[in-house]
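Below: one structure, written as structure tokens.
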Amino acid sequence: MERTLSIIKPDATARNLEGEILSMIQAEGLRVVAMKRLYLTTEQAGGFYEVHKERPFYGELCAFMSSGPIVVSVLEGEDAIARYRKLMGATNPEQAEEGTVRKKYAQDIERNSVHGSDAPETAAFEIGYFFSQLELVG
Ligand code: ATP
Ligand code: MG
């Protein structure tokens with residue numbers, strides 16, 4: 001069993017897509033073991049995306065991620081990290097495969113509707129950034 005962190009981003013909550021995206025996640029067989037709705041400050045978004053600090057799009061990304069509410073959740077399942085990445089599709093929606101969340105809903109490379117952890121170490125950091133042990137109910 002593996003856990004990964006999912007974020008439904010501000011572009012998606014603005015279009016009322018939380019339910020649609022959670023449906024796709026549950027149809028894939030991933031279990032939601034924690035979930036909350038948050039409105040991050042730019043600093044809180046910056047702390048989450050610390051690994052991208054040196055990237056040219058960091059400032060814009062933090063502004064976007066704090067521009068509206070997000071829904072963060074922890075997904076559990078066998079191979080959850082890779083399975084959720086596959087369901088999300090490529091970062092750039094123009095390269096995302098049919099049937100993926102980003103192909104269906106992303107607006108552009110930045111406003112791409114969802115986030116998912118990319119490795120066990122980042123998943124552990126990201127889950128801990130938003131949830132305490134007590135909030136993870138498997
Ligand atoms: P995420 O980490 O959100 O799951 P990802 O792992 O597919 O997405 P990363 O390379 O980690 O992509 O980039 C993090 C986020 O930064 C992207 O999801 C997107 O919102 C934004 N981003 C990535 N590349 C660019 C870019 N070239 N221009 C603008 N924003 C970008
Ligand atoms: Mg990433």
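The values are calculated or read from the model by the stated rules, or taken from the named source; none is laboratory data. Predicted model only: the values in this text are computed from it and were never measured. We work out accessible area using only protein heavy atoms, side chains counted, and drop any ligands, DNA or RNA first. Shrake-Rupley method; radii C 1.70, N 1.55, O 1.52, S 1.80 Å.
Taking 0.36 nm per residue of separation and subtracting the Cα-Cα distance, what length does fully extending residue 137 through residue 97 add?
On the way: separation 40, 0.36 × 40 = 14.40 nm, distance 3.19 nm.
Separation in residues times 0.36 nm, less the Cα-Cα distance, equals 11.2 nm.
How many angstrom separate the Cα center of region 10-81 from the Cα center of region 88-138?
6
Looking only at 93, 120, 69, which one moves most when the chain is put into a Gaussian network model with springs between Cα atoms under 10 Å?
120
What is the percent carbon and sulfur in the accessible area of the chain, measuring with a 1.4 Å probe over the protein chains and ignoring ligands?
Heavy-atom surface of the chain belonging to carbon and sulfur, 1.4 Å probe: 50 percent.
Name the residues whose placed amide hydrogens come within less than 5 Å of the amide hydrogen of residue 2, ignoring near sequence neighbours (fewer than 5 apart) on the same chain.
The answer is 77, 78, 79, 80.
Run the numbers on the chain and let me know its relative contact order in percent, using alpha-carbon pairs under 8 Å that are six or more apart.
Details: 242 pairs, mean separation 51.3, N = 138.
Computed over the chain, the figure is 37 percent.
Give me the accessible area per residue for region 1-93, probe 1.4 Å, as a whole number in Å². Show your work: numbers first, answer last.
Values: 4550 Å² over 93 residues.
On a per-residue basis, 49 Å².
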